[in-house]
Amino acid sequence: MKIALPKLFGSKNAKQSKKETTRQALPFLLPISDLLQTRDGKWKIITRVSPINGELLAQDDLDEVIEAIQAALNSFQGRIQINIGTERINIDRNIEYFDQHIQKQTKEIYIDLLQQQKDHLQSVANKSRTVLNFYLTLESSSNKYQQASDELSDSLKAVMDNLESKDMMCYRLEQDDMRKLLYEKLNPETSAVHPWSDDIREANIAPKQIIDRGTYLENDGHYYKFFTLVDYPKTVKGPRWLSRLLQVRCNMDIAFILNPRNKLDMQKNLSNSVSELRRKYNTESLPEYVKKNILSEIEDGDYLLEQIGGENQTLWDVTTVIGVNSADLEDLKSQVQRIQNAIAGSRCVSWELKYYNLDPLWCILPILHKAEMLEHYKWPMPSSLIATIVPFDSSELQQDRGVFIAENATSRGLIIYDRFDKTKLKNPNQFAVGESGSGKSFYLGCDMIRMAPFNDYTIAIDPEREYHFPFGKRIVFSARSKHVTNPFHIKSTVIDSENETEEDAEVTLGEYLPMKILDLMVWFKWIITDLKPEEEGLLEEDIRDAYAMKEMTFETKELPTDPESFPTLSTWKEVVQKKIKDPELEMEAASRRRYLSIMRPYIDGAYSKMFNGPTNWDFDFVTVLDIHELSETVQKPMYYLLLKDVWELIKKNRKEKKGFYVDEAHLLADEENPLALKSLQRINKRIRKYGGYLVVATQNLDDFMSVGKWGTAILNNSFIKTFFTLGPTDLQVVKPLFRLSDKEMKVLAKQKGSGRGIQIVGSQRIEIQTRGSEYELEIIAPDLYEKMYGKKSRFGKKPTKVEEKDKVSA
């Protein structure tokens, strides 16, 4: 795309003045309300925008992001400012977050786990102290508050709808958010020592003194220099053409200030300028080099006329202001050099903004400051060209609340977020996939340890015997164990509502019973894989009668709390045998004999100790449900049964937080029993409503997605998606689903070491590296712990996995 030269329209010469010192008043008015008012009387609304990671996006996805940004610009007719700011990630805030949770806890194990995380975070925090934040500011055309408020609210909704269609989420800054932001921007050192709080007076937003040295400013222990772009490349090749500048790692603020320009006037003036240039080119006797320059300007003018002629184009005068600051003058020089190299590498020309008093400083604040100097350095651009800058672009995902997820393999920063924060994550669910040895299980083990003290329950279904913790409870299901899981047991009677905001009152046992019977039908089908349609009716009747033998019918009100009160497989067997002997039911006897025979191993045989009897175990704050010793034939019905048991627990109390980890989920994918995977999909869709999150993991993506639409629905509805090294088959499955870029495909195709992968959080894509703390390694990887730290784990080695030949077979 071409960038037209501003000489076609004329430009003003900058008038500079020098003032050595100043204590100029703030450019905005106090007190700050829900809108910000600047001294020219205009009202502004400020939003924070979550970025995409253009480095990892495929071209098609990037094109759609650009279209969304262009549509957002086109939807507003007033002044706009886009800010990209390097802001200090104050690890103290993360530490404070852990301290707050430690103070609330009474359980010693929770306190210990929180303290371990806090210590680990402090040890790795020195790797990243800054992160890019993005702001979008809109200015109302009205000086009257109410009119401005209505106008900005309506306009912001249109802008947000367009940006959020591609997951560039917008969060409007409230009164205290704006105070905090401006306080930190204007008081870099003071705010580090005295973070913003309700106790700080609003007047303290103003710095004590700003000294104008002409070529730089001094403020609160920092030195500032400012630049603007005065020339752009003749043409730009594709999107992200200023990415070199945006990615410079230094203390930098970039402001794109957009002033709307009347398109009709622009077209008229531009057309007149081009006509005059054509006349001059065709009629005047000029040197060849002059004619060549004129011809180039004519081409630029024709191109810009074509660009701004479209209905979906708006036209803007764009001024770019860049501010760099440091607490050390030598470091400031170094940063300035890096900035200038990046500008030159982007084929742009910069001009240092000297002797402009405090206007450059006010311009890099997200307040849409109106300064005379902006008229000197404006550049006409259509919305399509501005959008191709892709200003909301970063590989960082580091918040001051939440747990440490992994290291950012691109920037060496920290990935920290709170999955329960509804303002930043659409849902807290995660899907993880990776082949054996890729680090998937290590990642999940670390996640369970880190999330456990924030949950009331952390539960994992563990088919591969991967997760061993020195706290909580591990329940091993095998023919040798004493743990019984009664298929007929009911833990709660909450009927799930499709309406997320609707309260789910606990219904009577009788009202819940039809749903439980339906779940039991699915469980029986895991075992009786060829159940005939006529047998289904008989089986449903026999299940219902088994409950009736324990005085549980559709009219029963109360749910028993004693596990002994529920029917068992022996109760069901008694019902079936009685009907087989009934002469009046002779026509049905053969069907009942058949499915009773198939069920014998579960009633009286090798698996009876696992399934036949009252449930004799319960959940702890961390519970690992180990089904590794079971052969696949028995593993699948047990997996489904545990899935339903956990779901009944999750629905019981919406105020409790729960984390549910479902590993090797492809075991539930069976074409003969598709309702099992549908049940998992429903949990994935509804668990947030009950204060929980679901982590679904598999090392066999192809199998997981092979049954109907349920696997795909689970994957799509998980806001967090984590991919580790994949085999060729799974790579081909994932690539079209998420339009993975060539770089992402290389990361997932090559083993760069255990724990390396790609994480997608909404639209944000990050290359991650999982690393455990010393404490986590001691638990999850005792052999590696011993090798790294030269001492044996206090928790011993992980138990050896049971070989296939030793598993109980059907």
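What follows draws every value from the coordinates through simple rules; no lab data is involved. Since the model is a prediction, treat every value here as computed from it, not as a measurement. Cβ atoms come from the backbone with ideal geometry, glycine included; neighbour counts cover every protein chain shown.
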With each label point set 7 Å from Cα along the Cα-Cβ vector, what nm distance links Gln122 and Ala327? 1.9
Normalised per residue, the volume inside the convex hull of the alpha-carbon atoms of the stretch 560-640 in Å³ amounts to 119
Least to most buried among Glu466, Glu55, Glu218 (fewest other Cβ within 10 Å first): Glu218, Glu55, Glu466
Between the stretch 777-798 and the stretch 524-581, the Cα center-to-center distance that results, in Å: 48
Would you calculate a helix-derived [θ] at 222 nm for the chain, using -39,500 (n - 2.57) for each DSSP H run of n ≥ 4 and dividing by the full residue count, to the nearest 500? -12500 deg cm²/dmol
(i) 158, 72, 54; (ii) 115, 58, 53; (iii) 67, 64, 64, with the label sought being that of the calculated Cα extents along the principal axes in Å: (ii)
Calculate, for Asp177 and Gln340, the FRET efficiency according to 1/(1 + (r/R0)^6) with r their C-beta to C-beta distance and R0 25 Å; round to the nearest 0.05. 0.15
Please determine, in degrees from 0 to 90 and to the nearest 10, the orientation of helix 59-74 with respect to the longest principal axis defined by the Cα atoms of the chain, where the helix direction is its Cα long axis. 60
Just report the Cα centroid separation between the stretch 332-355 and the stretch 642-700, whole Å. 53
Counting only residues 5 or more places away or on other chains, whose amide H sits under 5 Å from the amide H of Arg474 once H atoms are built in the peptide plane? Val624
Signed unit charges on C-beta, dipole axis of the chain, positive-most listed residue Tyr639, Leu539, His194: His194
For the stretch 427-481, rounded, prolate or oblate, judged on the Cα gyration tensor with a ≥ b ≥ c (square roots of eigenvalues), a/c < 1.5 rounded, else prolate if a/b > b/c? oblate
Relative exposure of His489, His194, His222, judged by other C-beta atoms within 10 Å (fewest first): His194, His222, His489
As I understand it, the value is the acute angle between the Cα axis of helix 586-603 and the longest principal axis of the Cα atoms of the chain; what does it come to in degrees, rounded to 10? 70
Let me check against my output: what whole-number percent is the relative contact order of the stretch 365-427, with C-alpha pairs under 8 Å and at least 6 apart? 22
Once normalised by the length of the chain, the mean sequence separation of its alpha carbon contacts under 8 Å that are 6 or more apart gives a contact order in percent of 17
5 Å is the cut-off here: which amide hydrogens, built 1.01 Å from N in the peptide plane, fall below it relative to Asn427, excluding neighbours closer than 5 in sequence? Phe719
Arrange the following residues from fewest to most other Cβ atoms within 10 Å of their Cβ: Val634, Val733. Val733, Val634
